[in-house]
Amino acid sequence: MEKKTKKYYIETYGCQMNKYDSELVAGILGKQGFEEANSLDDSDLILVNTCSVRQHAENRVLGRLDAFQQLKQKNPDLKIGVLGCMAIRLQDQLLRQKSVVNFVLGPDNYRSLPDVLAKLSNGERQSRFSLAEFNNHEIYSELYPNRATGFSAWVAIMRGCNNFCSYCIVPYLRGRERSRPAKEIVAEIEKLVDEGFLEVTLLGQNVNSYHDENHDFADLIAMVAELPGIERIRFATSHPKDLSLKLIDAMADHPKVCNHLHLPVQSGSDNILRLMNRNYTRSHYLKLIDAARSRINNPGLYTDIIVGFPGETEQDFQDTVDLVQRVEFDGAFVFKYSPREGTAAYQYKENLTEQEKVARLQYLNQIQDAITLKRNRELVGQTQKILVEGRSRKAKPNQYMGRTDSNKIVVFNSDNNYKGLLKEVQIIAAEGRTLFGEISQGVR
Ligand code: SAH
Ligand code: SF4
Ligand code: F3S
């Protein structure tokens, strides 16, 4: 009798690295003969790739696991696995307290997935496994991700982090920093070109400290920019202490490297930057922004900010507001400080109430929204090249969206679905964080 193909469903939380890892895992499952399920209901295996960066991220997953209880009641053979950062931080708790979870697998342990699945299918339905061990050599060479879109790809160039920013749990969950050899990265991207991909985003917690034996990050970017067939290169994330002028020049010199720079500042106050163990000053950061603006043509500048870090005074917060107003970022991701057990800052005394943190978050978001709108309005009337990603999120019929080189979202009407194509649009309006455009006539 023919065996029914097993189906998997992966839900991904957290950063782009997790999205890449989910695609790696999908690649591993593909080799095992699994197919992707259309819905949770029709899957034999559900994997949740998790994030621990803030308490809120963990709470979402914990709630989600409870909701899976129903699915298990309907299908007792369903297997549920927890992957990613929570697997390291909470492995015991997950196995003890969440009875729906069959296994837990850490970010360095995905190669073991086939073994774990084999054990589960041989063993008792109730048997449960956990493997969440660091392997500081794991860079997943020779494994090829099964990617969701056919035109834009994430490519991990390094894993782990050595920075130990005092608030951050990532170095404790992802292990030490290691880079993939440039040759291997280039080979992966060449293969992507053969498959029709146009855009790559090179990923690491701190891409500026990338190095293999012979290349630094600026060298790598230049190598990728030389590859025929790749139209757009992005990267995330940069650390201000390691961002080099050589990289800024590489961005300026290679038109295919997008004029898009995500440079988390975290705080505009030197006191707080010191307490955060960020290893740069406000003035160093502002110099980098000046260098980027003077060398790169109208770069899209984005940042991350934490408000309410322990000890953040009203003056410290005003320093951050001032920096935001000075730089005029194109966008900022503002987070409320979330204490993470095991980090250095967990020992620091918090001085703000939850309401005070929320007020700072809302205030800064308001300031930034006005700046984003102002920056976006400067583009009205211009022609921009966008890579069309598909239907827009809150799509009306015939409404699509794409991204500019500088990573701004443009919504436009069209009778055709140009998904995966580069198109020129004229920017006709800016509203909130979104641009509206019209497809320019006479372009392919
Ligand atoms: N490695 C990247 C991003 C790490 S996590 C980098 O350094 O840029 C993404 C963002 O989450 C960080 O930039 C920071 O702004 C935020 N973040 C990290 N830990 C946090 C915490 N404990 N509380 C609130 N925000 C946090
Ligand atoms: Fe966390 Fe800092 Fe490393 Fe980013 S650079 S992952 S914020 S420790
Ligand atoms: Fe979250 Fe882990 Fe990424 S904690 S932000 S998924 S590295």
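The values are calculated or read from the model by the stated rules, or taken from the named source; none is laboratory data. Bear in mind the structure is a predicted one, so any value in this text is a computation, not a measurement. For neighbour counting, all protein chains shown are included, and Cβ atoms are generated from backbone atoms with ideal geometry for every residue, glycine included. Note: accessible area is taken over every heavy atom of the protein model, side chains too, but ligands, DNA and RNA are not part of it. Shrake-Rupley method; radii C 1.70, N 1.55, O 1.52, S 1.80 Å.
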Legend entry - Residue within the stretch 277-288 that is open to solvent by less than 10 Å² (accessible area, probe 1.4 Å) and within 24 Å of I409 (Cβ to Cβ) present: no
Inset, instruction - Please specify each residue of the stretch 289-339 satisfying the condition of being closer than 19 Å to K374 by Cβ, within 16 Å of ligand 1 (Cβ to nearest atom) and part of a loop (DSSP other than H, G, I, E, B). - result: F329
Inset, instruction - Pairs only if they're at least six apart or on different chains, beta carbon under 8 angstrom, first in the stretch 11-23 and over 14 Å from V61 (Cβ atoms), second more than 9 Å from ligand 3 (Cβ to nearest atom) and assigned to a helix (DSSP H, G or I); list them, first residue then second. - result: D21/Y110
Inset, instruction - Select from the stretch 145-203 the residues that are on the phi > 0 side of the Ramachandran plot and not hydrophobic (A, V, I, L, M, F, W, C) and write down the one among them that is farthest from ligand 2 (Cβ to nearest atom). - result: G196
Inset, instruction - Take the stretch 282-312 and flag every residue that is without any contact (Cβ under 8 Å) to a residue 24 or more places away in the chain and over 25 Å from the mean Cα position of the chain (by Cα). - result: S283, K287, D290, S294
Legend entry - Count of residues meeting criterion [among the basic types (K, R) and either without any contact (Cβ under 8 Å) to a residue 12 or more places away in the chain or touching a helix residue (DSSP H, G or I) at 6+ places or on another chain (Cβ under 9 Å) (or both)] in the stretch 163-182: 2
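It is to be established whether one or more residues within the stretch 104-126 are open to solvent by less than 20 Å² (accessible area, probe 1.4 Å) and at pLDDT below 95. Steps first, please.
Going residue by residue through the stretch 104-126, those that are open to solvent by less than 20 Å² (accessible area, probe 1.4 Å) are 104-110, 113, 116, 120.
Restricting the remaining residues to those that are at pLDDT below 95 gives 116, 120.
Yes, the conditions are met somewhere in the stretch 104-126.
Would you say G308 is open to solvent by 20 Å² or more (accessible area, probe 1.4 Å) and small (G, A, S)?
Values: open to solvent by 20 Å² or more (accessible area, probe 1.4 Å): no; small (G, A, S): yes.
So G308 does not fit the description; no.
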Legend entry - Candidate set: the stretch 42-59, residues that are near ligand 3 (Cβ under 8 Å from one of its atoms) and touching a residue at least 60 places away in the same chain (Cβ under 8 Å); chosen: the one most open to solvent (accessible area, probe 1.4 Å): V53
